[in-house]
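Structure first, then comments.
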Amino acid sequence: MLKVGITGGIGSGKSAASERIKELGAYVFDADKEAKQILAKDKKIQEDLRNEFGTDVMDADNSINPKKLAKIAFSNEENQSILNAIVHPYVFDTIDERYYQVNERDDIPLFVVDAALVYESGLYLHLDYVVVVSAQYGTRINRSLNRGTLTREDIQKRMDLQLPEESKVQMADFVIDNNGDSDHLFRQVDEIYQEII
């Protein structure tokens, strides 16, 4: 079973592309969602994060507050690197475990990892193909603002910490132009899915 990454900068629409490929029959591993679950359950990760970032990321009950952690982690490159060094090995292990489970099944033709940091984390080295979802800067900003969870400043900080979109596009096996409507996006996902399987 092939292992494919879907990535793109914040607001690019990678999650919409992943949702579409899931509808087509692929198994989608949502790296961000899985990382949050690992963070919530794993005491060792929580301890490592407390040791690195102290009380700034904690609630009154001594648990890690995801919003506080995100604010600290995305404030600069060093903090993001620390967070990634702690969390990514656990996420990589979970990807491998899930892949072996899914690979046993006959009804799933493709294993897809939906992850923002496919290139930055080195995950691309373990994938057969990488699909980059690309959109214009203004479109990405507007989509991110419309979610209502981040300020323009927060969005810009995250963009600055991610690999530039041009670099991702150059390294990609497939590129999806997501500057149009959802039909435009879905057509491209469908074509890539058919080509890969």
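Determine whether the stretch 20-36 contains at least one residue that is within 30 Å of L185 (Cβ to Cβ), in a helix (DSSP H, G or I), at pLDDT 95 or above and of a type in the set (G, A, S).
There is at least one residue in the stretch 20-36 that is within 30 Å of L185 (Cβ to Cβ), in a helix (DSSP H, G or I), at pLDDT 95 or above and of a type in the set (G, A, S).
For the stretch 87-121: of the residues being of a type in the set (D, E, K, R) and surrounded by 16 or more Cβ atoms within 10 Å (Cβ to Cβ), which is farthest from A17 (Cα to Cα)?
Once the filter is applied, the top-ranked residue is E120.
A quick yes/no check of all residues on (1) free of Cβ contacts under 8 Å to residues at least 40 places away in the same chain; (2) assigned to a loop (DSSP other than H, G, I, E, B); (3) polar (S, T, N, Q):
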| position | (1), (2), (3) |
| --- | --- |
| E78 | yes, no, no |
| S81 | yes, no, yes |
| P89 | yes, no, no |
| R98 | no, no, no |
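Has the stretch 33-42 got at least one residue that is crowded, with 17+ Cβ neighbours inside 10 Å, among the acidic types (D, E), out of contact with any Phe, Trp or Tyr (no Cβ under 6 Å at 6 or more places or on another chain) and under 21 Å from V131 (Cα atoms)?
Within the stretch 33-42, one or more residues are crowded, with 17+ Cβ neighbours inside 10 Å, among the acidic types (D, E), out of contact with any Phe, Trp or Tyr (no Cβ under 6 Å at 6 or more places or on another chain) and under 21 Å from V131 (Cα atoms).
Going residue by residue through the stretch 165-186, is there one that turns out to be in contact with a Gly (Cβ under 9 Å, 6 or more places away or on another chain) and without any contact (Cβ under 8 Å) to a residue 40 or more places away in the chain?
no
Yes or no: E52 surrounded by 18 or more Cβ atoms within 10 Å (Cβ to Cβ), farther than 25 Å from T139 by Cα and of a type in the set (D, E)?
no
Counting only residues that are in a helix (DSSP H, G or I), among the aromatic types (F, W, Y) and either touching a strand residue (DSSP E or B) at 6+ places or on another chain (Cβ under 7 Å) or surrounded by 16 or more Cβ atoms within 10 Å (Cβ to Cβ) (or both), how many does the stretch 122-143 have?
Matching residues across the stretch 122-143 total 1.
Suppose we keep only residues that are among the small types (G, A, S) and in contact with a helix residue (DSSP H, G or I) (Cβ under 9 Å, 6 or more places away or on another chain) within the stretch 39-63. Which one would you say is modelled with the highest pLDDT?
Top of the filtered list is A40.
The values are calculated or read from the model by the stated rules, or taken from the named source; none is laboratory data. All figures in this text were calculated on a predicted structure; none of them were measured in a lab. Don't worry about glycine lacking a Cβ; one is built from the backbone with ideal geometry, like all the others, and counts go over all protein chains shown.
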